[in-house]
Every structure is written in structure tokens, then in C-alpha cells.
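Inspection log for the structure reproduced underneath, given as C-alpha cells.
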Amino acid sequence: MNGGTTSTMAGGLTLGERVRSARREAGLSQAQLAGNELTKGFISQIESGVVRPSIRSLQHIAAKLARPLDYFIADEPLTTAKRVTFHRLAAEAAAERQDWPVAEREARAGLAAGSDAADRAGFLRVLASAALNQARREEAFDHVTEGLGLLDVAKQPFDVARLLYVRGLAYGESGQLVASTEAFERVRDIIERYEILDPRLRARVAVALGTTYRRLGRTTKAIASYESALATASRANELKLAAQGFMGIAVSHYDAGDLDAAIVSYERALELFERIADTDFELHVRQSLASIHFQQGHVTQARDLADRTIARSAEVGDEHWGAVTQVVRARILLSGGDADEAKRAARQAERTLAGLGDQIQRAHALRVVALASEARGETADADRAFKQAIELLSSIDDRADLSLAASEYSKVLRARGSIDEAFAMLELAHSRR
């Protein structure tokens, strides 16, 4: 064993010995562990202590063996602060690419390594986001509450604002629109009071407020908020190439095993990414503006916005916002008397959204399917789609949208002359307000 190349770790095992032991426990051969990224010979050299892998190679090995990276780098002479920084960057990078299991794992490792209140609050925010994006809403609320308890808004306004932003998202997903709006308005007030200049946070809060205002029927406020978000976001677009450059430099440093240099480049990249509004954000805003213009009766403008948003979604390969905008387009078609095309578009969007797991937007698509079916005289299809939408919204306790769906169905039933059923739907709508 080449002890000069691979040092002895805590517990008396070298890095190579730990890789071998974990590989055998997982029932993998050296070739299986190597996969397509590494080679069998390289794994053999690691296990024999001939070479020491880069951090990036160790990340691949750790992922394949379902072990935390710390299990393999425990012999590295890293300070606690450096470990916390490492896990923070890894967690933030995973959150950027929406790899929530990895973000969660790195955040938990960071919590175990650090004791600083602000650091812990940051990891709790990542955990809250991960929980929320994996349909664990109550857990997300708990993480946010714990994180806020560690902070003082006068000393750490930016950290408090980001935690409250996640709380607002959690309230919004549960259909508690008033509470969601209050959370986002508090974030906006903190941003203004403490002069937080971060454009990405400003833009995201503005679009979140626009969404809650729209869902509450406050159309004028919604438009103003969305337009503010779009203006803020558009000013940061040129930063994306620079951020990607720093990410490339960081990966190169990882490959060379230079953790300190990689951390510096990651920090610079993340700083720039935090000032960029991404395509997902842009499409969200444009879809919302199309919806609002339609609600205001600006049909031509709404149709133009919807068509351009659908084209942009196809261009960047974003199925989600393409499908959501397709629902808006279906409503526009229905308002113009084209029930056939409206039903086809809404049904296609509903299938896409079902596959993507967006239950709220899927329910909106089903409502349009129901209305288009009713316009075509297909009452059985209309009943089926309305009931499916109501069941979906009930299952996720989205009270605001459930109330809208029930009210819409009530109007259809009343127009048919089904007064008792219409009254039952109206009661459901009012009971969920």
C-alpha cells in the first residue's frame, strides 16, 4: 500500500480501503463502479492507493455507492469553515439545477458540520426548498420557521427575506393566497427597507406577488408587479455567459483536486447566477401576462403573448410553461367560439402537465376541457373533467383554486337547469374560501 499517496483516515482505513469496502457492500464490480465516467483500471489504482482521485471523481464514486462525500474525504485537512463552505456551494449548485435529493443531502451535511446561525439558516432554507419541491409542504414550513428563529432581520435581512420567500411559496402551493401574499409583501418591504440590491430576489418576489395578486383577482396590482419583474430580470441577462465561464473554471479546479480554487470560482459563479433571471422565470412572467390580458378582455394582445410564449417554450425545450400557456391559449380559442380546437389544446396540455406532476395547472387544463366539452354539447365529458379537477384540487388542499373550479361548475349546472347540483357546488365553493 502506498501510504505516501493515500493517507490513513479516521478509523484506520485509507481512502482506497473505504472505496473498496463500500463497493463490496454495494455488490458492485470495479467496472460497474467506474461506469461511463471512469475506468476499471482507475478504480483499481484508487483502491490500491496508487492514485488519489479528484473531488469530482470522488463525487461520482460517492453517488454510485450512495455514500456522502465526507465518508471519503474525512482525511482531508479541511477546517470546519471550509467544509461548511463546500457543502453550501454543493447544496446551492444542486438547487440551481433542481436536483433536490442532492441539495437535501449536502444541506444536511452542512448542518452537521457548522454551528454558525447564519450558515445553519441557509442550509435550512435549502432543505425547505427541497421539501417543498418534493411535496413535503409541512416539513418545508418547519424548516423555514426554524431558520427564521436563528436570524435577526436587522443584521441578516437578505437571509430573512429568502426564507420568507420560501414560506410564501409554500402558502401559495397550499392555496392559502392571503397568507402567501402577506409573506411576499413582507419580503418586498424588507428588500426596500434594507436596500437589498439583489436583482434576482427582487424579480422573483415581484413575479410571486404578481401570481398571488392575479389569483386573488387584483389584476391591476398583478400587471404592475409582473412588469416590474420583467424589467428587473432583463437587465441581468448578459451575466449568464460570465457565470457559465466561472462554473467551467470551478469544474476544472475540481478535476485537478484544487478545492480552494474551485470554491472561489463557484462562489463567483453563484454570485452571478443569483443576479440572473433564467428562461423558466421569463416564461412564467410572459404566460402570466398573457393570462391577465385575457382576463381584462385584451384578447388580441393575450393571443399574441401566448403564441410567442409557446414558441419560446418550444425553442428552449420547456414543456411545462409551454403546456401552461397552451391552457391560456385554449381559453382564448373558446372565447372566440372555437370549442373543438380549444378542447384539443387543453386536453394535450392536461396530459403533459399530468406527466410533469403539476396538479394545480393540470386542474386548470381540465376546467378548460370541461368548458369546451359543454360548449360542444358533450355534457358527460364536461362533468367528468370538472369532477376530476375538483378531486385534484381537493387532494392537495388548494382552497382558492378549488373554490374557482366549484363556482365555474356551479354556473354550468345552473345553465343546464340542474339547480340542486348547482347549489351543492356553490356551497363547496363558499366552504373553501
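The values are calculated or read from the model by the stated rules, or taken from the named source; none is laboratory data. These numbers come from a predicted model, not from an experiment. Note that each Cβ is placed from the backbone with ideal geometry, even for glycine, and that neighbours are counted across all protein chains shown. Just the protein is used for accessible areas: all its heavy atoms, side chains included, with ligands, DNA and RNA removed. Shrake-Rupley method; radii C 1.70, N 1.55, O 1.52, S 1.80 Å.
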Among the candidates Ala372, Ala342, Ala323, which residue alone is touching a residue at least 24 places away in the same chain (Cβ under 8 Å) and under 22 Å from Leu426 (Cα atoms)?
-> Ala372
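For region 124-134, does any single residue satisfy the condition of being out of contact with any Gly (no Cβ under 9 Å at 6 or more places or on another chain), open to solvent by 30 Å² or more (accessible area, probe 1.4 Å) and among the hydroxyl-bearing types (Ser, Thr, Tyr)?
No - not one qualifying residue is present in region 124-134.
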Inside region 72-84, the number of residues satisfying the requirement of being within 15 Å of Leu15 (Cα to Cα) and either open to solvent by less than 40 Å² (accessible area, probe 1.4 Å) or at pLDDT 75 or above (or both) is 3
Evaluation of Gly337 against (1) out of contact with any Ser or Thr (no Cβ under 8 Å at 6 or more places or on another chain); (2) assigned to a helix (DSSP H, G or I); (3) of a type outside the set (Phe, Trp, Tyr) (one fails), failing number | (2)
Any idea how many residues of region 412-423 are loosely packed, with under 15 Cβ neighbours inside 10 Å and assigned to a helix (DSSP H, G or I)?
-> 5
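Within the group Val205, Val144, which residue is in a helix (DSSP H, G or I), open to solvent by less than 10 Å² (accessible area, probe 1.4 Å), at pLDDT below 95 and in contact with a helix residue (DSSP H, G or I) (Cβ under 7 Å, 6 or more places away or on another chain)?
Exactly one residue qualifies, and that residue is Val205.
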Those residues of region 85-108 which are of a type in the set (A, V, I, L, M, F, W, C), closer than 12 Å to Gln59 by Cβ and either touching a helix residue (DSSP H, G or I) at 6+ places or on another chain (Cβ under 6 Å) or modelled with pLDDT of 85 or more (or both) amount to Ala90, Ala94, Val102
For region 119-140, does any single residue satisfy the condition of being more than 29 Å from Leu404 (Cβ to Cβ), of a type in the set (Asp, Glu) and assigned to a helix (DSSP H, G or I)?
-> yes
Restricting attention to region 170-177, does a residue exist that is in contact with a Gly (Cβ under 7 Å, 6 or more places away or on another chain) and at pLDDT 80 or above?
-> no
Taking region 330-339 and the residues there that are among the hydrophobic types (A, V, I, L, M, F, W, C) and either open to solvent by 40 Å² or more (accessible area, probe 1.4 Å) or in contact (Cβ under 8 Å) with a residue 40 or more places away in the chain (or both), the one that is farthest from Ser395 (Cα to Cα) would be Leu334
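Conditions tested, residue by residue: (1) surrounded by 18 or more Cβ atoms within 10 Å (Cβ to Cβ); (2) farther than 30 Å from Leu111 by Cα; (3) out of contact with any His (no Cβ under 6 Å at 6 or more places or on another chain); (4) at pLDDT 90 or above.
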site	(1), (2), (3), (4)
Thr6	yes, no, yes, no
Leu28	no, yes, yes, yes
Leu58	yes, no, yes, no
Ala66	no, no, yes, no
Residues being within 36 Å of the chain's Cα centre (by Cα) and modelled with pLDDT under 90 - total across region 39-51 = 1
Close pairs (7 angstrom Cβ cut-off, 6 or more residues apart or separate chains): open to solvent by 40 Å² or more (accessible area, probe 1.4 Å) in region 282-299, modelled with pLDDT of 80 or more and of a type in the set (Gly, Ala, Ser) anywhere | Phe294/Ala302; Val299/Ser335
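Quick grid of which residues meet (1) open to solvent by 40 Å² or more (accessible area, probe 1.4 Å); (2) not in a loop (DSSP other than H, G, I, E, B):
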| residue | (1), (2) |
| --- | --- |
| His364 | no, yes |
| Val369 | no, yes |
| Glu374 | yes, yes |
| Gly377 | yes, no |
| Arg384 | yes, yes |
| Ala389 | no, yes |
| Ser407 | no, yes |
Tell me, which residue of region 168-202 that is under 24 Å from Leu392 (Cβ atoms) and open to solvent by 30 Å² or more (accessible area, probe 1.4 Å) is nearest to the chain's Cα centre (by Cα)?
-> Leu169
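Quick check on Glu315: is it part of a helix (DSSP H, G or I), open to solvent by less than 70 Å² (accessible area, probe 1.4 Å), of a type outside the set (S, T, N, Q) and on the phi < 0 side of the Ramachandran plot? First the steps, then the outcome.
Numbers: part of a helix (DSSP H, G or I): yes; open to solvent by less than 70 Å² (accessible area, probe 1.4 Å): no; of a type outside the set (S, T, N, Q): yes; on the phi < 0 side of the Ramachandran plot: yes.
Taking the combined requirement at face value, the residue does not satisfy it.
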Tally time: how many residues in region 45-55 are under 16 Å from Ala22 (Cβ atoms) and either outside any helix (DSSP H, G or I) or open to solvent by 40 Å² or more (accessible area, probe 1.4 Å) (or both)?
-> 3
